[in-house]
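Chemist: Below is a structure I'd like to ask you about.
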Amino acid sequence: MITLITGGSKCGKSSLAEKILDGFFGKKYYIATMRPYGRESLEAIERHRNMRSGKGFETIEKYTGLDEIVIPENSAVLLECMGNLCANEMFGDKIVNPVKKIIDSIRYLDSISETLVIVTNETGADGIEYAPETMAYISHMNEINCITADFAENVIECVYGIPVVRKGALCY
């Protein structure tokens, strides 16, 4: 079962994702996709480590190639976050169009886990025209989010810390 959580920056998406998996009693994996570049990313990584401390997650730091991850069946996976993963795939050593690669990876993770919770970002809502690379990123993120929302059982938007169910149900 896939639950996609979207919303703006620092709106409570991560807390909601962890709360959804609080009642899961099997193995829980947190796939961290943020590359540690600079002080701001290191602070964000530390904040998220502290948030999930004591909640039973085993962290897997994987910045690209999620289809290489091996976990036991019937586990829960929290993927954080799609925005970082898309940027890593687009602007890494091997520059690729990330849409197919990421969608295939999500389907793979869904096939080997009992529950998959994905944190993504709201992109493109500001209507501003950016540099071509940024516009390509926004376009890829929008496509990934639309495709994922289509096959996810649950889609939840986090608005000022309030979960708004857009599809399915909020289960915790």
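Chemist: Can you tell me which residues in the stretch 7-52 are part of a loop (DSSP other than H, G, I, E, B) and of a type in the set (Val, Ile, Thr)?
Modeler: THR33
Chemist: Further question on the same structure: Scan the stretch 23-42 for residues that are out of contact with any Gly (no Cβ under 9 Å at 6 or more places or on another chain) and at pLDDT 90 or above and jot them down.
Modeler: GLY26, TYR29, TYR30, ILE31, ALA32
Chemist: In the set PHE91, PHE25, PHE57, which member is aromatic (Phe, Trp, Tyr), crowded, with 17+ Cβ neighbours inside 10 Å and over 12 Å from VAL119 (Cβ atoms)?
Modeler: Result: PHE57 is the single residue among PHE91, PHE25, PHE57 that is aromatic (Phe, Trp, Tyr), crowded, with 17+ Cβ neighbours inside 10 Å and over 12 Å from VAL119 (Cβ atoms).
Chemist: Does the stretch 82-92 contain at least one residue that is modelled with pLDDT under 90 and either in a loop (DSSP other than H, G, I, E, B) or within 19 Å of ILE156 (Cα to Cα) (or both)?
Modeler: yes
Chemist: Given the criteria surrounded by 15 or more Cβ atoms within 10 Å (Cβ to Cβ), out of contact with any Pro (no Cβ under 9 Å at 6 or more places or on another chain), at pLDDT 95 or above and within 17 Å of ILE5 (Cα to Cα), does ILE147 qualify?
Modeler: Answer is yes for this residue.
The values are calculated or read from the model by the stated rules, or taken from the named source; none is laboratory data. What you see is a predicted model; the values in this text were computed from it and never measured. Every residue, glycine among them, receives a Cβ derived from its backbone with ideal geometry; neighbour counts consider all protein chains shown.
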